[in-house]
């Protein structure tokens, strides 16, 4: 049996658009750090470019090509999460080095939220949890992110077909179970 027979691939796109409700005491730069599960409790870390804390607009995209066994890929998409951290770094340099960054807020987003859309694409504001308590009326920081999963074109046709047959059975229009069933079917046909 060919060791690559059980392998599959898909592409993920992460978009970091902008931030709001960010309060910092002095001048510095903001960036978003993202952790993506890579199986076996391993994580891959990505960082957006640093922007002025007065600007708060990134409009940056990151693309990932994911490759692994069907089981690993299904588990990542069904149970996996992305962790987003909003971080701030002072622009003051000490001995030619920049200082460590400070965590302003953190949020975890499950991959399965992508499947709530029939296009396997979502864009939303992610509200960050902060370590310090906020004063009355102060909103927590938030980052606008987008997530998209693209399966190989051969599998896309199968996904549409499976979605249609699942809709016929359960009479739903945007059922998470249908989307997961369709993705699993698409992964089956992508090898």
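Which of the residues belonging to the range 68-102 are exposed (fewer than 14 other Cβ atoms within 10 Å of the Cβ), assigned to a strand (DSSP E or B) and modelled with pLDDT of 75 or more? So that I can check it myself, show each step before the final result.
At the first step, the residues of the range 68-102 found to be exposed (fewer than 14 other Cβ atoms within 10 Å of the Cβ) are 71, 79, 91-97, 99-100, 102.
Retained after the next criterion (residues that are assigned to a strand (DSSP E or B)): 93-94, 97, 102.
Within the range 68-102, just 102 meets the criteria.
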*Residues being at pLDDT below 85, surrounded by 15 or more Cβ atoms within 10 Å (Cβ to Cβ) and farther than 26 Å from residue 64 by Cα: count how many of those fall in the range 7-27.*
1
*Single match in 54, 118 (criterion: touching a helix residue (DSSP H, G or I) at 6+ places or on another chain (Cβ under 8 Å), over 14 Å from residue 12 (Cβ atoms) and part of a loop (DSSP other than H, G, I, E, B))*: 118
*Could you grab me the full set of residues in the range 30-41 that are more than 16 Å from the chain's Cα centre (by Cα) and at pLDDT below 90?*
40, 41
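Right, residue 86: in contact (Cβ under 8 Å) with a residue 40 or more places away in the chain and either on the phi > 0 side of the Ramachandran plot or assigned by TED's automatic domain parsing to the domain that holds residue 33 (or both) or not? Step through it out loud before you land on a result.
Details: in contact (Cβ under 8 Å) with a residue 40 or more places away in the chain: yes; either on the phi > 0 side of the Ramachandran plot or assigned by TED's automatic domain parsing to the domain that holds residue 33 (or both): yes.
Against the criterion (in contact (Cβ under 8 Å) with a residue 40 or more places away in the chain and either on the phi > 0 side of the Ramachandran plot or assigned by TED's automatic domain parsing to the domain that holds residue 33 (or both)), residue 86 qualifies.
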*Among 148, 132, 139, 112, which is in a strand (DSSP E or B) and either modelled with pLDDT of 50 or more or crowded, with 18+ Cβ neighbours inside 10 Å (or both)?*
148
*Qualifying residues in the range 115-124 (those that are in contact with a strand residue (DSSP E or B) (Cβ under 6 Å, 6 or more places away or on another chain) and surrounded by 14 or more Cβ atoms within 10 Å (Cβ to Cβ)) - the one farthest from residue 60 (Cα to Cα)*: 120
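The values are calculated or read from the model by the stated rules, or taken from the named source; none is laboratory data. No experiment lies behind these values; they were computed from the predicted model shown. Neighbour counts run over all protein chains shown; Cβ positions are idealised from the backbone, glycine included.
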